[in-house]
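Right, one structure below, let's go through it.
The values are calculated or read from the model by the stated rules, or taken from the named source; none is laboratory data. Quick caveat: nothing in here was measured; it's all calculated off a predicted structure. No Cβ is skipped: glycine too gets one built from the backbone with ideal geometry, and neighbour counts run over all protein chains shown. Note: areas computed on protein heavy atoms with side chains; ligands, DNA, RNA excluded. Shrake-Rupley method; radii C 1.70, N 1.55, O 1.52, S 1.80 Å.
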Amino acid sequence: QVQLVESGGGLVHPGGSLRLSCVASGNIMSIDVMGWHRQAPGAEREMVADISRIGRPRYADSVKGRFTISRDNAKNTVVLQMMSLEPEDTAVYYCNARVEIRGSYRFFDVWGQGTLVTVSS
């Protein structure tokens, strides 16, 4: 089994910053893409940012220039540094990873439980 555990959500004022972290653990052979999605109330889940194993990032247009994604392959972690936060960034943020489970010779999409980010004055 593989688990993703997020941390770092909370309440922040507009213009503020937050740092989300996600650690993957379990019977992991390798991890391909790692990333973050978010889901606001009444909205569909959307991709925020992801990063390949070799460190190539992608961002949603709405967060370009404000959010930075990074990963540490040795620690199976991915971090989302969020700056200049806006009320529209309020959502539950989910970590996700494409993981090869040891012995399976297959990749599986794994999701964390989510962490709430609220941007409000």
Scanning the range 42-58 residue by residue, the ones that are open to solvent by less than 100 Å² (accessible area, probe 1.4 Å) and either of a type in the set (A, V, I, L, M) or under 16 Å from residue 18 (Cβ atoms) (or both) total 5
Given the criteria charged (D, E, K, R), at pLDDT 95 or above, open to solvent by 70 Å² or more (accessible area, probe 1.4 Å) and closer than 21 Å to residue 27 by Cβ, does residue 102 qualify? no
Go through the range 42-67 and report how many residues are in contact with a Leu (Cβ under 9 Å, 6 or more places away or on another chain) and among the basic types (Lys, Arg). 1
Pairs with Cβ under 7 Å, 6+ apart, first in the range 11-34 and under 22 Å from residue 98 (Cα atoms), second charged (D, E, K, R) and surrounded by fewer than 16 Cβ atoms within 10 Å (Cβ to Cβ): 27/102; 28/102; 29/102; 31/53; 32/53
For residue 96, state whether it is buried (at least 17 other Cβ atoms within 10 Å of the Cβ), at positive phi, touching a residue at least 12 places away in the same chain (Cβ under 8 Å) and out of contact with any Pro (no Cβ under 8 Å at 6 or more places or on another chain). no
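In the range 20-41, what count of residues is obtained for those that are surrounded by fewer than 15 Cβ atoms within 10 Å (Cβ to Cβ) and either more than 12 Å from residue 116 (Cα to Cα) or of a type in the set (A, V, I, L, M) (or both)?
Adding up the residues that qualify gives 7.
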